[in-house]
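Take a look at the structure below.
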Amino acid sequence: MEKKPRIGIMTGGGDCPGLNAAIRACTKTAIKTGYEVIGIHNGWQGLLEHDDEVLNWVHTSGIIDKGGTILGTSRVSPLCVENGVQRVRDRIEVLRLESIVVLGGEGSLSLSYKMYRQGIPIIGIPKTIDNDVRETDFSIGFQTAVQIATDALDRLRSTAESHHRVMLLEVMGRNTGWIATYAGLANGAVEITIPEIPLTEERLDVICEKLKNRRSSGIKFSIVVVAEGTQLPGMTTPPPENLTHVAEAITLKPGVAQILGNIIQEKTGLETRVSTLGYIQRGGTPVAYDRVLATAFGVKATELAKEKKYGEMTALHGTRIVGVPLEKVVKGVKTVNLNAYNIAKRFFA
Ligand code: F6P
């Protein structure tokens, strides 16, 4: 009996809510299209270590709302392993994979493009809570992270009101301030700091003056949202790196918000407290928006694979789901749309 063609699927880089919804959609669409689906464990590491499984209808039922990724993930790169690319090619041949769907963020998609240039047939799906992947309006995971951060900010406002405090919340966003901008806007924060707009001494003084004026005008609380990549005066964060191979992602010095909070308290004399949301933004069940986006991307990725449009990535353009060349995606991170930031800025203290 003729063997069915096969598609591989993997998740690379940081995890995010919505990955399993995309794995489910891609797998079920591919099965209906006549493919067999191979789930590759822990990103590219799974091909190097022959760690994979056949995914079927049962495996991918009941996971649309499940956080994380049933396949596991890693930041391992074949480009940094001896004979890595050839080992990947050999494994693809043994598994009879026609193509591989890679769910990745900016770093993993950059790596995937390099592998595509080495002749590996790849289709990309953008996922990252950071929303810093070019050529798509949103990536899987972003809207859930914004909701988690907004819920946290709403809770911080109630305790800030009770204690008459300035409350800072540090959110993720290594190179860009998308989560801080959207969650800060949704919460009505009085200040949002993002990597795209380095903080100067002058701006810091203006912020502190505004916080003092709020208090003297009778508003007893202030909420400030701080992206983890915020650059304080005299502090430079590492430039966005192509994550070709890091055992550890480039994690910033923890606590940029704590440093800023100390400065604010010192300059204003206002009681200030700092919270860091950390990995809570990446865990748990995806919101409905991300389930829908992930499902649409999973279906589109299978269509691109069937059409042999390798080297493309699924993308959201307005309300349309399209395919875009990875070559255009990997030209760097997508920084914050300052239109959105400037809307939030209208309401800063
Ligand atoms: O890229 C997504 C992200 O969550 C960033 O916002 C964060 O800085 C980074 O991953 C953390 O990486 P790791 O999970 O390797 O610590």
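Since every read-out is calculated from the coordinates, none of them should be taken as a lab result. All values reported here derive from a predicted model rather than from experimental measurement. Neighbour counts run over all protein chains shown; Cβ positions are idealised from the backbone, glycine included.
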Report the paramagnetic label zone for Arg155: residues of region 268-312 whose backbone N is under 16 Å from a point 7 Å from Cα along the Cα-to-Cβ axis.
274-285
Considering only Gly107, Gly173, Gly72, give the residue with the highest GNM mean-square fluctuation for the chain, with springs between Cα atoms whenever their separation is below 10 Å.
Gly72
What ranking of Val225, Val322, Val94 emerges when the number of other C-beta atoms within 10 Å of each C-beta is taken as an exposure proxy, fewest first?
Val94, Val322, Val225
Spin-label model distance (nm) - Arg96 vs Ser162, 7 Å beyond Cα toward Cβ:
6.3
Summed over the other residues with a beta carbon less than 12 angstrom from that of Leu95, with K and R at +1 and D and E at -1, the charge totals -2
Running a GNM on the chain with Cα contacts under 10 Å, which residue among Phe221, Phe138, Phe297 ends up with the highest mean-square fluctuation?
Phe221
Would you tally the net charge around Lys3, using a Cβ to Cβ cut-off of less than 10 Å, leaving Lys3 out, and scoring K and R as +1, D and E as -1?
+1
Among Val287, Ile192, Thr69, flag the residue with its Cα farthest along the positive direction of the charge dipole of the chain, charges on Cβ as +1 for Lys/Arg and -1 for Asp/Glu.
Val287
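Hey, what number do you get for the chain at 222 nm if only DSSP H runs of n ≥ 4 count, each worth -39500 (n - 2.57), divided across all residues, to the nearest 500? Write down the numbers at each step before the final one.
On the way: 11 runs with 135 residues, N = 349.
After summing the helix terms and dividing by the residues of the chain, the value is -12000 deg cm²/dmol.
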Quick one: what are the phi-derived ³J(HN,Hα) couplings along region 324-341, Karplus 6.51/-1.76/1.60 with θ = phi - 60°, whole Hz, x for glycine and proline?
10, x, 4, 4, 7, 6, 8, 8, x, 7, 8, 6, 4, 5, 5, 4, 5, 4
Within region 91-129, backbone nitrogen closer than 18 Å to the virtual label 7 Å beyond the Cα of His317 toward Cβ:
124-126
What's the ranking of 333-341, 190-198 by average number of surrounding C-beta atoms within 10 Å, highest first?
190-198, 333-341
For the pair Glu201 and Asn262, the simple spin-label estimate (label points 7 Å beyond Cα toward Cβ) gives in nm 1.9
Which loop GluC sites (Glu not before Pro) in region 1-99, with loop taken from DSSP, have no more than 11 other Cβ atoms within 10 angstrom of their Cβ?
Glu2, Glu82
Rounded to the nearest 20 debye, what is the charge dipole size of the chain about its Cα centre when +1 sits on each Lys and Arg Cβ and -1 on each Asp and Glu Cβ?
620
Taking θ = phi - 60°, what integer Hz values does the Karplus form 6.51 cos²θ - 1.76 cosθ + 1.60 yield along region 45-56, in sequence order, with x for Gly and Pro?
4, x, 6, 5, 9, 6, 10, 7, 8, 6, 9, 10
Two-site FRET efficiency, Glu327 against Tyr289, from Cβ-Cβ distance with R₀ of 22 Å, rounded to 0.05
0.20
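Charges at C-beta only: +1 for Lys and Arg, -1 for Asp and Glu. How large is the resulting dipole of region 145-283 about its Cα centre, in Debye rounded to 20? It would help to have the intermediate numbers written out before the result.
Numbers: 14 positive and 15 negative charges, 88 e Å.
Charge dipole, region 145-283, about its Cα centre: 420 debye, nearest 20.
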Please compute the modelled spin-label separation between Lys210 and Lys3, points set 7 Å along Cα→Cβ, answer in nm with one decimal.
6.2
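Take the alpha-carbon positions of the chain, form their convex hull, and give its projected area averaged over all directions (one quarter of the hull surface) in nm².
Values: hull surface 70.5 nm².
Averaging across all directions leaves 17.6 nm² for the Cα convex hull.
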Applied in sequence order to region 310-323, the curve 6.51 cos²θ - 1.76 cosθ + 1.60 (Karplus, θ = phi - 60°) yields integer Hz couplings, x standing for Gly and Pro, of 5, x, 10, 10, 5, 8, 9, 10, x, 10, 9, 9, 10, x
Let me have the relative contact order for the chain, percent, based on Cα pairs under 8 Å that are six or more residues apart.
24
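Suppose R0 equals 22 Å; then what is the FRET efficiency for Asn83 and Arg117 from their Cβ-Cβ distance, rounded to the nearest 0.05?
Details: r = 18 Å, r/R0 = 0.80.
It comes out at approximately 0.80.
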